[in-house]
1. So between Glu158 and Val49, what do we pick up on full extension, going 0.36 nm a residue minus the alpha carbon distance?
2. Assuming R0 = 41 Å, can you tell me the calculated FRET efficiency for the pair Arg129 and Asp71, based on Cβ-Cβ distance, to the nearest 0.05?
3. Any idea what % of Cα-Cα pairs in region 1-138 are farther than 24 Å?
4. May I ask you to list the GluC sites (Glu not before Pro) in region 77-155 that are in a DSSP loop and have at most 16 other Cβ atoms within 10 Å of their Cβ?
5. Pull up all non-local amide H partners of Leu87: gap of 5 or more, or a different chain, and H-to-H distance under 5 Å with H placed in the peptide plane.
6. So which lysines can Lys125 reach, going by Cα to Cα under 26 Å and dropping same-chain residues fewer than 8 places off?
7. Among the lysines, which have Cα under 19 Å from the Cα of Lys72 when same-chain residues fewer than 8 positions away are ignored?
8. Taking θ = phi - 60°, what integer Hz values does the Karplus form 6.51 cos²θ - 1.76 cosθ + 1.60 yield along region 174-180, in sequence order, with x for Gly and Pro?
Amino acid sequence: MIQNILKDAGARMSKSIEALRHELARLRTGRASAALLDHIKVDYYGNEVPISQAATVSVSDARTLTITPWDKAMVAPIEKAILASDLGLTPNTAGTTIRIVLPPLTEERRRELGKVVHHEGENTKVAIRNIRRDAIHHIKELLKERKISEDEERRAEEEVQKLTDRHVREVDELVRQKEAELLAL
């Protein structure tokens, strides 16, 4: 029973960290990343799909993304979707290839993005702590129902805390890496 609670809590905490990784990948830094366009949807013959399902997205150099649609008719809808996105990027089209040059970030924008990264990290830590609270609540219910002893409860709570601490450290490391990436020129 306790192992199931710990395994469930660990899996949920790992999912929270994966969600943070996904959010951080979406944040625009000075470097080009194919993940930057993951959240942009394009009208592909009546269906809204991510750009990666309608074209090949690749990084040609540190500041340039290259998008090659699989169908020539998709060039205009992809351009329109990028322009309409919240990224503030301007696509350049040469035939069937779309290039996006990422402008260098200003110092002010880097600071703003740093705050966003920190905020996302804090939200993930809150989610992890909520998972810890739920796990400890389930352990206390087992004690109330007399399915485990007080010693087992104490050990299980310590294990939940160790699991929480490990995941919080991982969040801190991800946030630190992303902030360092933002500050790098």
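Nothing in this text is a laboratory measurement; each read-out follows from the coordinates by a stated rule. Computed from a predicted model, the values in this text were never measured in an experiment. Please note: Cβ atoms are built from the backbone with ideal geometry, for glycine as well, and neighbour counts cover all protein chains shown.
1. Numbers: separation 109, 0.36 × 109 = 39.24 nm, distance 4.46 nm.
Length gained between Glu158 and Val49: 34.8 nm.
2. Numbers: r = 47 Å, r/R0 = 1.15.
Calculated value: 0.30.
3. Working: 4286 of 9453 pairs.
Roughly 45 percent, rounded to a whole number.
4. Values: sites: Glu79, Glu107, Glu108, Glu112, Glu120, Glu122, Glu141, Glu145, Glu150, Glu152, Glu153; in loops: Glu145.
Answer by residue number: Glu145.
5. none
6. Here the lysines satisfying the reach criterion relative to Lys125 are Lys7, Lys15, Lys115, Lys140, Lys162, Lys178.
7. Lys72 reaches Lys41, Lys80.
8. Calculated HN-Hα couplings, in order: 4, 5, 4, 4, 5, 5, 5 Hz.
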